[in-house]
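Comments concern the structure below.
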Amino acid sequence: MAVLLGLFTGLCFTVICVIVRLLIVIRSGSKCKPGEKGPVCVLIVAGSGGHTTEILRLMESLSQSYSPRHYIIADTDKMSEDKIRTFENSKKDTGSKGQFTIQRIPRSREVRQSWSSSVISTLNALLYAVPLVFRLRPDMVLCNGPGTCVPLCAAGLLLGLLGLKRVLLVYVESICRVESLSLSGKILYHISDYFFVQWSTLKDKYPKSIYLGRIV
């Protein structure tokens with residue numbers, strides 16, 4: 001009985017320490033200022049279809065100080081890579097410089113996939129996301145809603161939790177979300193450093209969010 005009590009006490013202490021550390025990492029987001037000492041390594045999560053179009057529109061407004069740029073797409077995404085390469089090549093044509101890569105990980109959730117099976121696929125994506133994020137060591141993760149962004153943001157949060165590097169998590173909710181957040185948004189609303197919505201109706205429901213009007 002004494003052994004079990006000791007194990008339970010140790011487990012509770014560990015859980016408390018992890019929670020406290022997690023709160024410290026999340027609350028220190030405002031103090032994290034990527035770019036103050038040079039270029040910003042940014043990890044951009046591109047979904048398929050509209051998500052990729054929106055994230056590339058957002059990238060158009062970012063300066064070349066955001067480099068290198070690591071685009072992450074799902075391994076089943078057949079169109080986003082061409083869109084990204086076309087976008088990056090157009091920047092070179094205008095004299096802009098910057099390095100970029102395209103990385104692939106398993107899709108976290110397919111369209112119309114059941115919730116039960118999506119838990120397994122998300123965990124599978126996380127197994128790929130953690131070593132990828134730890135290798136790239138981004139200063140910032142930028143995403144706008146595809147399910148793949150959840151394991152990538154979790155991996156970025158883990159970097160800070162372990163004290164290896166503070167990664168800024170920036171989420172921009174899709175323009176098509178007018179009355180409610182996407183599932184990814186509902187999850188990342190609680191852990192992102194900056195959470196942008198594009199409709200005032202969402203700002204009213206989610207006070208932590210930032211409303212600047214339409215930005216993509």
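The values are calculated or read from the model by the stated rules, or taken from the named source; none is laboratory data. Predicted, not measured: the structure shown is a model, and the values here were computed from it. Glycine gets a Cβ as well: all are built from the backbone with ideal geometry, and neighbour counts include every protein chain shown.
Miscellaneous remarks
- The condition of being in a loop (DSSP other than H, G, I, E, B) and not small (Gly, Ala, Ser) holds for only one of 109, 104, that being 109.
Rundown of residues vs (1) of a type in the set (Gly, Ala, Ser); (2) modelled with pLDDT of 80 or more, yes/no style:
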| residue | (1), (2) |
| --- | --- |
| 14 | no, no |
| 54 | no, yes |
| 59 | no, yes |
| 63 | yes, yes |
| 70 | no, yes |
| 78 | no, yes |
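Here is a yes/no grid of residues against (1) crowded, with 19+ Cβ neighbours inside 10 Å; (2) of a type in the set (A, V, I, L, M, F, W, C); (3) touching a His at 6+ places or on another chain (Cβ under 8 Å):
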{"position": "143", "(1), (2), (3)": "yes, yes, no"}
{"position": "149", "(1), (2), (3)": "yes, yes, no"}
{"position": "170", "(1), (2), (3)": "yes, yes, no"}
{"position": "174", "(1), (2), (3)": "yes, no, yes"}
{"position": "177", "(1), (2), (3)": "no, no, no"}
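- Residue check for residue 128: closer than 22 Å to residue 66 by Cα and either assigned by TED's automatic domain parsing to the domain that holds residue 41 or assigned to a loop (DSSP other than H, G, I, E, B) (or both): no
- Residue 177 passes every criterion in (1) under 20 Å from residue 73 (Cβ atoms); (2) more than 14 Å from the chain's Cα centre (by Cα); (3) among the charged types (D, E, K, R) apart from (1).
- Looking only at the stretch 51-69, and only at residues there that are out of contact with any Gly (no Cβ under 9 Å at 6 or more places or on another chain) and part of a helix (DSSP H, G or I), the one that is surrounded by the fewest Cβ atoms within 10 Å (Cβ to Cβ): 60
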